[in-house]
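Let me begin by presenting the structure, written as structure tokens, before commenting on it.
Every number here is computed from the coordinates shown, using simple stated rules; none is lab data. Values in this document were obtained by computation on a predicted structure and should not be read as measured data. Counting neighbours? That spans all protein chains shown, and the Cβs are built from the backbone with ideal geometry, glycine included.
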């Protein structure tokens, strides 16, 4: 089985469901509570590269922090990375990484593609 990492928020039902699904498949991932231990800018660059998306696509636009500080703003990729480092609650969750591949566990079943 591949080594996996999950960027996880214990307050999020999708994060909890994704972690449970991984464990049901015999995977004990490295769990990073990204609210307590936010990723660095470099780590976020790697995550978006593995996801194959732009940094802005990783931003949770329904969050109060987004609405208060970022709504309507046009930011560069590096500015979005900096925003997520400063306010990690903005990061979409959960993110599961297996080697050079990654996916967002919304819905949790999406991570099954990484189990193959």
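General remarks:
- Only listed residue being in contact with a helix residue (DSSP H, G or I) (Cβ under 7 Å, 6 or more places away or on another chain), in contact (Cβ under 8 Å) with a residue 12 or more places away in the chain and under 18 Å from residue 114 (Cβ atoms), chosen from 58, 75: 58
- Unique residue being surrounded by fewer than 17 Cβ atoms within 10 Å (Cβ to Cβ) and on the phi > 0 side of the Ramachandran plot when the list is 52, 42, 62: 52
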